[in-house]
Amino acid sequence: MGLMLDPQATRAKIWKLLGDIPAPALPQASLISTRREESYSLEHFTFVNGVGDSVYGYLILPRGIEYPAPAVLYHHEHGGKYSLGKDATIRIRENGYAPGLALAEAGFIVMAIDAYGFGQREHQGPAGERERGGATELSLFKRFLWEGKTLWGMMAHDDLSALAYLKSRAEVDANRIGTAGMSLGGSRSTWVGAFDESVKAVVPISQMTRYRDFADAGALAGHGIYYFVPGVLASGIDMEHIVALTAPRHQLILTGDLDPLSPISGIHKVMEYAGAVYRERGAGDKLELVLYEGVAHAYLPQMVEATVEFFRRTL
């Protein structure tokens, strides 16, 4: 008997945990503006998701490449940086890189959207302009629970809808799409890759949390409220099963071995199970882990560089 749980049944079980979430569908996007830079064009777009909220995003189209081209759906981090959102792709970070522009310079189309409570959605909560950022996030978490939904489920829904839009673009080679992000963005990448098999390569950066190990560590205050899904610990599903859903597609996990948000004991359990599933499917070399010794929750320059090189190899 194989290790791998039935992928479709596992996806359905996980999706049910997320609550009464509308099925992702190809959204009707509208162009807000286009900005031409020397090496790329930046499209600013919006679409309405399945519950009447507006999603805002960027599409970076590199110049001087042949289209259709490979593309990456990039997910911004949390870190309390509510005003940052999708600008994480084009703003030079503490590590010296604008991650989205680094990918674009390597020849990849890049798309990024604001998650609930971030960027242009800081006030997109029950209180509107009276709340922003963290207050919006908490109020959305509460409202969605009342509605039988979860904040994490709605965030995943928006990411999968953005992926559908990315695949629909004529400039994109839909057979060469990857996803990546750091922290919150790392988890978003893992889930998008698990749910949509059209994603060919996944790079979660500085977030590979096994729920049981994180709970046992007693550091629940470390993760934002967005991260908590009712019933996940009682479901029999944990991060190793979600990671394994990407098999046999490419996956590169980048994280520090001292990251308190991703206890190292859990990472080893994830790799043990998911690695066995990958090997069972004849793809043992397609699941990779790079542990950065002595590093906590960080976004190192080497992580950006490794992400770019990985997508060069796999897309």
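The values are calculated or read from the model by the stated rules, or taken from the named source; none is laboratory data. None of these values were measured; they are calculated from a predicted model. We place every Cβ from the backbone using ideal geometry, glycine too, and count neighbours over all the protein chains shown. Ligands, DNA and RNA are stripped out before the accessible areas are found, and what is left, the full protein with its side chains, is counted by its heavy atoms. Shrake-Rupley method; radii C 1.70, N 1.55, O 1.52, S 1.80 Å.
Details
- Ranked from largest to smallest solvent-accessible area, with a 1.4 Å probe on the protein heavy atoms, Met239, Met271 come out as Met271, Met239.
- Gyration tensor verdict on the chain (Cα atoms; rounded if a/c is under 1.5, prolate if a/b is larger than b/c, oblate otherwise): rounded
- Glu105 accessible area, assembled protein chains, probe 1.4 Å, Å²: 140
- In a simple Cβ point-charge model (Lys, Arg +1; Asp, Glu -1; nothing else charged), the range 7-115 has a dipole of about 260 debye relative to its Cα centre.
- Screening the chain for whole DSSP H helices with an alpha carbon extent of at least 18 angstrom along the helix axis and a mean Kyte-Doolittle hydropathy of at least -1.0 yields 134-146, 151-168, 264-280, 301-314.
- DSSP bridge analysis restricted to the chain gives an antiparallel fraction near 45%, rounded to the nearest 5.
- Ranked from largest to smallest solvent-accessible area, with a 1.4 Å probe on the protein heavy atoms, Glu272, Glu77, Glu305 come out as Glu272, Glu305, Glu77.
- For the range 1-100, trypsin sites (Lys or Arg not before Pro) are listed when DSSP marks them as loop and at most 14 other Cβ atoms sit within 10 Å of their Cβ; the list is Arg63, Arg91.
- Ranking by accessible area, most exposed first, for Ile32, Ile109, Ile65 with a 1.4 Å probe: Ile32, Ile65, Ile109
- For Val295, the accessible area of its heavy atoms, probed at 1.4 Å with every protein chain present, is near 20 square angstrom.
- Taking the Cα centre of the range 94-243 as reference, the dipole from Cβ charges on Lys and Arg (+1) and Asp and Glu (-1) amounts to some 220 debye.
- Checked against a 29 Å cut-off, the cross-linked pairs Lys81/Lys286; Lys142/Lys167; Lys16/Lys142 give Cα-Cα distances beyond that limit for Lys81/Lys286; Lys142/Lys167.
- Around Gly64: net Lys/Arg minus Asp/Glu count, Cβ-Cβ under 15 Å: -3
- Binning the alpha carbon pair distances of the range 145-299 at 5 angstrom intervals from zero yields the distribution 2, 9, 18, 23, 20, 16, 9, 3, 1, 0, expressed in whole percent.
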